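Take a look at this one; I'll ask things after.
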Amino acid sequence: MSLREQLLKAGLASENQAKKSARTLEKSRHHKKVDARLKGADQSFTEADAFARREEEHQKEWEKVQSQEREAKFQVEHLQDYLQRSEIRPTSAKQSYYFSKADGSIESISVNEIQAMHLATG
């Protein structure tokens, strides 16, 4: 015999009160089930959210590394281009200028006419 039946038999509760109590009990059971389902859904949502954040961080890190690699490659190409341009440039130097270094050795460089005049005047 259930508690409801016992209360009705003893006359402590009316039929309407028993029905209302039963409805309330059903609603509370239903809410508990829904809350349990929502809690499970919240947990899976938070796990998915954490996974998405980790993926976003990895993506940003990868993009940062790629950007650094592109910048390094650009600098290397720029430097190579500069070196090639400086080596290919034709010189108009026709005279040799000899000078002594501090250690006593003699060096020579090629100078053009204007540079030779400046060297001659001091």
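Confirm whether residue 25 is surrounded by 10 or more Cβ atoms within 10 Å (Cβ to Cβ), at pLDDT below 80 and either over 47 Å from the mean Cα position of the chain (by Cα) or of a type outside the set (Asp, Glu) (or both). Spell out the reasoning first.
Working: surrounded by 10 or more Cβ atoms within 10 Å (Cβ to Cβ): yes; at pLDDT below 80: no; either over 47 Å from the mean Cα position of the chain (by Cα) or of a type outside the set (Asp, Glu) (or both): yes.
Criteria not met by residue 25.
Here's something else I'd like to know. Within the group 58, 118, 78, 30, which residue is free of Cβ contacts under 8 Å to residues at least 60 places away in the same chain and under 30 Å from residue 5 (Cα atoms)? Let's see the steps before the verdict.
On the way: 58 fails: under 30 Å from residue 5 (Cα atoms); 118 fails: under 30 Å from residue 5 (Cα atoms); 78 fails: under 30 Å from residue 5 (Cα atoms).
Unique residue meeting the criteria: 30.
Related question: Among 61, 107, which is the only one that is at pLDDT 80 or above, among the acidic types (Asp, Glu) and exposed (fewer than 10 other Cβ atoms within 10 Å of the Cβ)? Steps first, please.
On the way: 61 fails: exposed (fewer than 10 other Cβ atoms within 10 Å of the Cβ).
Result: 107 is the single residue among 61, 107 that is at pLDDT 80 or above, among the acidic types (Asp, Glu) and exposed (fewer than 10 other Cβ atoms within 10 Å of the Cβ).
The values are calculated or read from the model by the stated rules, or taken from the named source; none is laboratory data. Predicted model, so just to flag it, every value in this text is computed and none were measured. Because the Cβ atoms are built from the backbone with ideal geometry, glycine has one as well, and the counts that use them run over all protein chains shown.
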